[in-house]
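Below: the structure, in structure tokens.
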Amino acid sequence: MRGLSDIFFDCLKFGFLSGITESVKGDSDLNLEIRDSYINVYYKGNSLLKLAETGPFRYKAKIHEKFLEGIKLPLDFTESTIPQFLSAIPLLKQNIIRYGKRSLEIEYEQMIIRANNFELRNNTEYFIVDRQYAVNDGRFDLTGIFWERSHRKRNQEVPICLMEIKFALNTDIKHVHNQLTRYYESIKPHAAEIADEMQTVFRQKIELGLYQQATERLNALKTLSFSKSIEQFQLILVLVDYNPNSSMLDLQCLSSLPFANQVKVFFSGFGMWQENVKSLSSHLS
């Protein structure tokens, strides 16, 4: 089950590992995710650091050998070695740019996390909890919650959102209805445990300061509970820079799914097409 022990959590918040947390909070290009007794720190979708708890106050780092080129770094993290890692972060980032996996789809995942979790002015209705969340036969790009702005209040039960990101004219879009069906069936028997796990991760991330929101909003977020009912889950397809002139997306197939009322399709990105222009003519006198 995803989540950190009290010792690991306290070490990231107050102890000698807190420099990792502060580095992530101070760098919008970094993203920290909580796993099962370990954490990943991502840069441009690549794992810059995997740090596992191997015993009380004992932590072992794993960093891809290509990213360590030109860097001498002890992988047993202690109070005396952690400063070496923190000072090496800029070099690790340079090596990831040079040798890391390049995928705009993965980079957009991290941008979605940033836009919804860290940009105060956005005040969005979705909060990302995790990325690359695997359940049996399904692996969701992002998971999160929907907290509707017009009905927000403390101690609310909110729906879980399981998100699939597709960039441009990814050929998988043709059969995305089959993918969502397979994923839905794989999570159905585990809805309650998914909700519990996600809520644990969400609350630990809030306490670590990994959501940059107004104080009042943060305090209210701490009181939310996650719905354990599969009927309340939302399956969200995010199409980034999808060409609106394409016929690849079959909305009819999506609307015929037995859980179609739980599916949402978002169109996002930076690609510009005339079809997406909103005319002002109806507002002109």
Can you give me the accessible area per residue for the range 1-53, using a 1.4 Å probe, in Å²? 36 Å²
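Using only helices, what value at 222 nm comes out for the chain when you add -39,500 (n - 2.57) per DSSP H run of length 4 or more and divide by the total residues, to the nearest 500 deg cm²/dmol? Walk me through the numbers on the way to the answer.
On the way: 8 runs with 89 residues, N = 285.
The helix-only estimate for the chain comes to -9500 deg cm²/dmol at 222 nm.
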At the level of C-alpha centres, the distance separating the range 30-80 and the range 189-244, in angstrom, is 25 Å
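Given a cut-off of under 8 Å on Cα pairs at least six residues apart, what relative contact order in percent is computed for the range 151-285? Walk me through the numbers before you get to the answer.
On the way: 150 pairs, mean separation 49.9, N = 135.
Averaging sequence separation for qualifying contacts and normalising by length gives 37 percent for the range 151-285.
Would you kindly state how much longer the chain becomes between GLN179 and SER37 on full extension, computed as 0.36 nm times their sequence separation minus their alpha carbon distance, in nm to one decimal?
Working: separation 142, 0.36 × 142 = 51.12 nm, distance 2.94 nm.
So the extension gain works out to 48.2 nm.
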Please compute the length gained on full extension between GLU69 and GLU231, using 0.36 nm multiplied by the number of residues separating them and subtracting their Cα-Cα distance. 53.5 nm
Sorting LEU12, TYR59, PRO90 by the position of each Cα along the dipole of the range 6-115 (Lys, Arg +1; Asp, Glu -1; all at Cβ), the one nearest the positive end of that ordering is PRO90
Which lysines have a Cα lying under 24 Å from the Cα of LYS153, excluding residues fewer than 8 positions away in the same chain? LYS205, LYS222, LYS228, LYS264
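Among the complete DSSP H segments of the chain, which ones combine at least 27 Å of alpha-carbon extent along their axis with a mean Kyte-Doolittle hydropathy of -0.5 or more?
Numbers: long enough: none.
The answer is none, since no helix passes both cut-offs.
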Quick query: amide H of VAL129 versus all other amide H atoms, modeled in the peptide plane; which residues come in under 5 Å with a sequence gap of 5 or more or a different chain? THR143, GLY144, ILE145
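Probe radius 1.4 Å, ligands and nucleic acids ignored: give me the carbon and sulfur share of the accessible area of the chain as a rounded percent. Kindly include the intermediate steps, with their values, before the conclusion.
On the way: 7250 of 14560 Å².
Answer for the chain: carbon and sulfur cover 50 percent of the accessible area.
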At what distance in angstrom do the alpha carbon centres of the range 81-142 and the range 245-282 lie from each other? 26 Å
Given a 10 angstrom Cα cut-off, can you work out which residue in SER37, SER225, SER87 is the most mobile in a GNM of the chain? SER87
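Suppose a student asked you for the relative contact order of the range 34-141, using Cα pairs under 8 Å spaced at least 6 residues apart; what percent would you report?
19 percent
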Out of residues 5 or more away from LEU30 or on other chains, whose amide H comes under 5 Å of its own, with H placed 1.01 Å from N in the peptide plane? none
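The values are calculated or read from the model by the stated rules, or taken from the named source; none is laboratory data. It should be emphasised that the depicted structure is a prediction, and the values quoted were computed from it without experimental measurement. Methodologically, a virtual Cβ is constructed for each residue, glycine included, from the backbone with ideal geometry; neighbour enumeration extends over all protein chains shown. To get the accessible areas, we keep the full protein, side chains included, count just its heavy atoms, and leave off ligands, DNA and RNA. Shrake-Rupley method; radii C 1.70, N 1.55, O 1.52, S 1.80 Å.
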